[in-house]
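For reference, the structure is listed below as structure tokens.
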Amino acid sequence: QSSSQLQSQSQSTAQSRDQSGSTKQYKMPPIPKDDVDNEGNAENVVTPYEHWVRRLYMTNMFHPVKLGLENMNQLHEKIGSPMSNPNVTIIHIAGTNGKGSVALKLANTLQKNNLKVGLFCSPHVSSFRERMQVNSKLISEQQVVELLPKIYQACEDHDLPATFFEVTTALAFMFYAQEEVDVVVLETGLGGRLDATNIVQDPAMSIITSIGLEHTRILGDTIELIAVEKGGIIKPGRPVLAGPNCPHAVLRQCAKDKNAGDYYITDDVLDDPPATVNDYDLENSRTVKAALKLLQKSHPRLVESLTPDDIEQGVAIRPPCRFEEVPRDDDVRVILDVAHNPPAMEYLVQKLKTTYPDDNYRFVVGMSSDKDLSQCAASVLSCTASSNVHLVEAAHPRAAKVQAILEASPELAQDGQYDLKDPSITKQVQAALELAKEKNELLVVCGSVFLMAEAREALGFDEPRDSEHISEMAGAGIRHSQENFGGSKAKTA
């Protein structure tokens with residue numbers, strides 16, 4: 001089905017009434033038409049996992065996304081309040097950049113202490129299942145098929161118009177309960193104050209990694225306003241750890257207003273001085289080490305057996321596409337990075353200059369439409385010629401059109417590498433690989449997460465990847481930046 005067909009279908013469904021004549025808020029996403037054969041049997045066309053995830057991707061077409069906690073609080077209660085279990089320790093993480101890396105590094109380190117550690121993160125790169133895992137093992141397709149219908153049934157029984165992100169968060173919470181985890185490392189989706197994850201009331205710690213300008217139409221147009229939104233995860237009586245690139249006066253006031261516990265800054269907790277070089281990965285690792293040091297005091301059982309080597313090995317991990325260096329048989333050096341906003345793009349450029357100062361760079365770049373395209377382009381052009389920049393357009397509703405990038409950067413319009421008729425990622429990655437090999441250049445694929453699944457496939461990655469049946473639906477009902485999907489191949493209007 002096309003997006004326009006799905007929108008039309010959602011409008012007619014939105015007008016339906018229950019038998020009593022009153023309009024219900026909750027509308028069960030229907031079975032996509034191409035999920036069934038001529039006899040109406042869904043299982044003959046797609047797998048049960050594909051069917052339920054496709055349905056999930058349609059959710060926001062039937063429920064306008066409204067940031068707030070009322071729905072999620074009710075949904076959490078109806079699925080048994082798994083995150084209120086006093087035996088589960090929760091560490092809640094927000095931030096403009098770095099929150100995904102800090103979450104992964106922290107979870108990876110804690111599991112070395114023989115704990116069962118749940119990790120919740122978004123968006124995913126290649127498979128929806130990446131969003132929720134226990135001790136580095138993704139939720140299984142069977143568990144998705146088992147748990148997701150129960151959540152939809154709860155929504156229907158109690159008339160809860162839950163969004164994609166709320167249903168996904170509830171799915172993760174049920175998964176962690178089923179797995180009987182000891183710890184949940186919980187990354188926010190968007191902001192903090194009104195994020196679906198913020199129904200947790202008693203985290204061991206709230207971590208805010210960094211604050212920068214992002215999602216300004218939703219979170220506010222100043223660093224201070226965004227800090228207040230991110231600071232929404234701060235809880236009464238619970239400690240706060242903030243990374244160095246935060247407006248600490250604002251966050252301290254948030255903590256004071258909420259009667260939080262002590263407020264810590266990463267560099268004040270650690271004995272060793274920070275590196276003089278701006279490096280996101282080092283900064284994120286330091287934040288995790290500071291968190292572990294604080295947990296030693298408040299929750300010693302979580303870290304009691306960790307050795308210094310355990311910690312160094314734990315924080316060494318990087319999420320996919322965070323300055324990820326890709327080994328290849330053809331000797332072309334490739335780096336993948338989801339630098340997707342001006343601060344992250346500037347960090348990427350500085351990291352390239354310090355790590356590979358003598359190299360010439362070639363870029364494949366695709367952006368999201370809600371970012372500052374001009375500033376992101378300027379960062380890339382500060383370290384390479386416009387003729388070395390390949391522009392692509394992910395097949396996703398939030399992807400920036402190549403034409404929009406050209407309008408934001410006249411220099412790229414004049415000399416950049418692009419094809420307005422075929423802006424596909426695979427085409428430009430293959431062209432860039434050939435040129436990088438010929439000219440002995442370092443190839444950097446960067447920008448929105450939406451382009452990474454196809455880029456990784458073009459580069460030959462062998463990893464869990466959602467099928468075309470799923471990826472063609474991803475993003476069909478997106479109405480809000482909280483709903484982040486990787487690997488979409490949906491047609492855009």
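Calculate the translational D of the stretch 185-338 in whole µm² s⁻¹ from Stokes-Einstein, where the hydrodynamic radius comes from the Kirkwood formula applied to all Cα pairs, the temperature is 4 °C and the viscosity 1.567 mPa s.
76
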Exercise. Taking a temperature of 37 °C and a viscosity of 0.692 mPa s, what whole-number D in µm²/s does Stokes-Einstein yield for the stretch 168-275 with Rh from Kirkwood over alpha carbon pairs?
Worked result: 222
For this session: Starting from the Cα of residue 136, step 7 Å along the direction of its Cβ; do the same at residue 45; then give the gap between the two resulting points in nm.
Result: 3.9
For this session: Could you calculate the contour length gain from residue 419 to residue 307, that is, 0.36 nm times the residue separation minus the distance between their Cα atoms, to one decimal place in nm?
Result: 35.1 nm
Exercise. Highest mean first, what order results for 306-318, 90-102, 74-86 on Cβ atoms within 10 Å?
Worked result: 90-102, 74-86, 306-318
Problem set entry | 13 Å Cα-Cα reach of residue 421 towards aspartates and glutamates, excluding residues that sit fewer than 8 places from it in its own chain | 393
For this session: Pairs of Cα atoms under 8 Å, at least six residues apart: use those to get the relative contact order of the stretch 387-470, whole percent.
Result: 31
Problem set entry | Sites matching GluC sites (Glu not before Pro) across the stretch 109-193 that sit in DSSP coil, with at most 12 neighbouring C-beta atoms within 10 Å | 180
Exercise. Of 208, 223, which has the most accessible area and how do the rest follow, probe 1.4 Å?
Worked result: 223, 208
Exercise. If eta is 1.002 mPa s and T is 20 °C, what Stokes-Einstein diffusion coefficient results for the stretch 303-455, Kirkwood Rh from Cα pairs, in µm²/s?
Worked result: 134
For this session: Once you've got the Cα coordinates, tell me which of 116/293; 235/353; 230/289 are over 30 Å apart.
Result: 235/353
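The values are calculated or read from the model by the stated rules, or taken from the named source; none is laboratory data. What you are looking at is a predicted structure, and each value in this text was computed from that prediction instead of being measured. Note: ideal-geometry Cβ built from the backbone for every residue, glycine included; neighbour counts use all protein chains shown. In case anyone asks, the SASA skips ligands and DNA or RNA and just uses the protein heavy atoms, side chains included. Shrake-Rupley method; radii C 1.70, N 1.55, O 1.52, S 1.80 Å.
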